[in-house]
Structures are given as C-alpha cells and as structure tokens.
Amino acid sequence: MPKLVLCILIAFLVSFLLTPVVMKIGIRIGAVDKPNERKVHTRIITRIGGVAIFGGFMVASLLMQELSHQAWGLLLSGTMIMILGLVDDLKGISPKIKLLGQIIAALVLVSFGVQVDFITNPFNGGIISLGFLSIPVTVFWVIGMSNAVNLIDGLDGLAAGVSAIAAVTLAVIAWTQGQFTTVYLALFLAAAALGFLRYNFNPAKLFMGDCGSLFLGYILGALAVMGLSKGATVISLFIPVIILGIPILDTFFAIIRRFTNKKPIFQADKGHLHHRLLEMGLSHKQTVVVIYAITLLLGSSAVLLTMLTTAQSVLIMIGISVVILLGADRIGIITGKSVYRRLQGNKVKHSIGN
C-alpha cells in the first residue's frame, strides 16, 4: 500500500511538472491549436499536453513493477496510440491511417491476452462465449472508447476530468473483484490526468491534443476489459458502459444526429453535450462542472449496481436509460435542433396565439 500511494503521487507530480515543459516545447515547434468557428478558445494554445499525461502514467506504472503480462501489453499498445496521436497533432494524418494505427495497437493489446471472451446473458444469468468474435469485439470496444474521449475533448478540462472520474470508478470496482493490476493502472491514469488538469482547467494554458485524448480513451477502454469484463454476473456487461457513459453516449448520439441530418458521420459539428449546455446559458466552467457531476453520478451508479441483486440492477438500469434519453432529447443532442432556436420558436408561437 505505501508503494502504491507513492506511485500515485509520482504519477501526479510527473504530469504536473512535465506539463509546463511540454507547453514551452509545443510553442517552440509550432504544435499549437488555432481558434476557429467550432472552437471555444480565442487564442493560440499548445496542443500536445497529452505527452505529460502519458509520462506520468508510464513512470508510475514502471516504478510499481508489479505488472502482469496483460499490463505490459497495455503499456506497449498505449504507447503506440500516444505516438499515433502525437504524429496527428504535429503533422496531421488522414482518418483512414489513424484508424489503421488504432486497429494495429488494439491487435497488439489482444495478442497479450486482453480481450472480451464472453458476455453475460441478462435473461438467465448464463455466459455467452464470443468465440471468434472475441477479437473484433475487443478491437471495436477499445477503438470506440479512444475516439469517444477524443470527441468530448471540446472544453477546457472536460476530457481530463471526466477520464479521471471514470478511472477512479474503474479502480473502485476492480478492487472489489480482486483485479489489483487494473486498480493500480487506473489510479495512475487518474493521478496523471489530475496533474495535467491543473493547467488545462478553464482558462486552459494548453490542450491535451489527440495524443492525450486518444491515449486516455484507449487506456480506459482497455482497463475496462482487463478489470471488469471477467466477472460472470448478469450486470457486469453494462458496468463499463455506465462508468464511461458520457463519452459513449455523446458519440452514439452524434452518429444518430449526423445520420438523421444526412451529414457525414465523421464531420464535426456543434451538437455535442457541452455545446448544448453552453447554448442553454451555462458558462464554460459551469458546463464542465455539470458534466463532471453527471459522470460522478454515473460512476456511483455503476458501483451501486455491483452491490445489488440482478432484479434491482435491471430496474436501476431502466431508470437511468429513461432519464438519459429524456434529458438528451430535451437539450437536443439527438436531433441536433438548436435549443436556443427551439425556445425562440416557442416564444413566437406563444405571441401569435395571444
């Protein structure tokens, strides 16, 4: 335990101390993010801050030394993802090349034994073996999570804070299941993200870039497979989805929104959750804190589900799903309809009626 606490502190300090160094290097080499109509910031800012998060996580993980074969696979493939994101931040690469790089990294992870071997049957509590589908399901999951966190990285401190909360939740549940390697790695990731957050919270002094957001999402997705998919309980299938609910749902609704509006799925828009909350009148900081609170609530719900009976868990899952769908429709992140324009339209109709 003392060694674990020391390594957590090291992860935080390395990230905290390395961030300003990375910030200066980014400015010197021109790795900066310029403002445009989609972005909230109004000045040029360094965009490779994820290197500091990666550094804190890796140093702490290597110092811990109590790493399994799967953990080494995670560190290797995670390094590949970070480098892929860094190249994209520095030079820019096509979506196809980026996807190919993510697939290769995910396959490296699988080669070290990190994969989803089964899912639980919610109807009878049995186990459904995935067989030959195990590898594609695992690859799809970790790549999906990597890109999901990348998509929510739209406000100062949002991706780092959400990832830290999700990582701590993963650690808590993994601890109850005796998956201690996952506990260590998840806490190191949370500490590294928090060290970076000191400089990334609004007003941000630098951004994490793709090297940070892709890395955070990838590690979270991999840790969910390592620590939570091994439990043979009915509800275990849904735990990672609940913990990582914000990035997953935001990505899911973005796909639906763009498809229904007949726009390319990979075309960026301003219909994400954080954009809608800003449109409703919340400030930058208020929006981020609200999403933190939602993530914390989802994380707490995930922990609670592991302590309840199957019937109770299913009822809570249904309740959570209904609330999420109603809330998403209310603020317009499913249809993409502007909240402001909708409110204005209602005022106009009301005036005409009078």
Could you run through the range 170-186 and say how many residues are among the aliphatic types (A, V, I, L, M) and open to solvent by 10 Å² or more (accessible area, probe 1.4 Å)? 1
Pairing a residue in the range 235-246 that is at pLDDT below 65 with any residue that is assigned to a helix (DSSP H, G or I) and crowded, with 20+ Cβ neighbours inside 10 Å, where Cβ atoms lie under 7 Å and the two sit 6 or more apart in sequence or on different chains, gives I235/L305; I235/S313
For the range 127-140, the count of residues that are modelled with pLDDT under 90 and either touching a strand residue (DSSP E or B) at 6+ places or on another chain (Cβ under 6 Å) or open to solvent by 20 Å² or more (accessible area, probe 1.4 Å) (or both) equals 8
I93, sole failed condition from (1) part of a helix (DSSP H, G or I); (2) surrounded by fewer than 20 Cβ atoms within 10 Å (Cβ to Cβ): (1)
One residue from K34, K24, K39 being of a type in the set (D, E, K, R), at pLDDT below 90 and exposed (fewer than 13 other Cβ atoms within 10 Å of the Cβ): K34
Filter the range 198-222 for residues that are among the aromatic types (F, W, Y) and surrounded by fewer than 24 Cβ atoms within 10 Å (Cβ to Cβ); the one that is farthest from P240 (Cα to Cα) is Y199
Taking the criterion of being under 30 Å from F201 (Cβ atoms), assigned to a helix (DSSP H, G or I), at pLDDT 95 or above and open to solvent by 80 Å² or more (accessible area, probe 1.4 Å), would at least one residue in the range 76-89 satisfy it? yes
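Conditions tested, residue by residue: (1) in contact with a strand residue (DSSP E or B) (Cβ under 9 Å, 6 or more places away or on another chain); (2) within 20 Å of F207 (Cα to Cα); (3) in contact (Cβ under 8 Å) with a residue 60 or more places away in the chain.
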residue	(1), (2), (3)
T19	yes, yes, yes
V22	yes, yes, yes
G26	yes, yes, yes
G30	no, yes, no
S61	no, no, yes
I97	no, no, no
Go through the range 51-69 and give me each residue that's part of a helix (DSSP H, G or I) and surrounded by fewer than 19 Cβ atoms within 10 Å (Cβ to Cβ). M58, L62, L63, H69
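Residues are listed down the side, and each one gets a yes or a no for (1) at pLDDT below 90; (2) in a loop (DSSP other than H, G, I, E, B); (3) of a type outside the set (F, W, Y); (4) open to solvent by less than 10 Å² (accessible area, probe 1.4 Å):
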position: K98; (1), (2), (3), (4): no, no, yes, no
position: G101; (1), (2), (3), (4): no, no, yes, no
position: L107; (1), (2), (3), (4): no, no, yes, no
position: P122; (1), (2), (3), (4): yes, yes, yes, no
position: N150; (1), (2), (3), (4): yes, no, yes, no
position: V168; (1), (2), (3), (4): no, no, yes, no
position: F196; (1), (2), (3), (4): no, no, no, yes
Restrict the check to the range 253-270 and report whether at least one residue is modelled with pLDDT of 70 or more, crowded, with 22+ Cβ neighbours inside 10 Å and part of a helix (DSSP H, G or I). yes
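The values are calculated or read from the model by the stated rules, or taken from the named source; none is laboratory data. In this text the structure is predicted, and so the values were computed from the model without any measurement. Every residue, glycine as well, gets a Cβ built from its backbone with ideal geometry; the counts of neighbours run over all protein chains shown. What goes into the accessible areas is simple: the full protein's heavy atoms, side chains included, and nothing from ligands, DNA or RNA. Shrake-Rupley method; radii C 1.70, N 1.55, O 1.52, S 1.80 Å.
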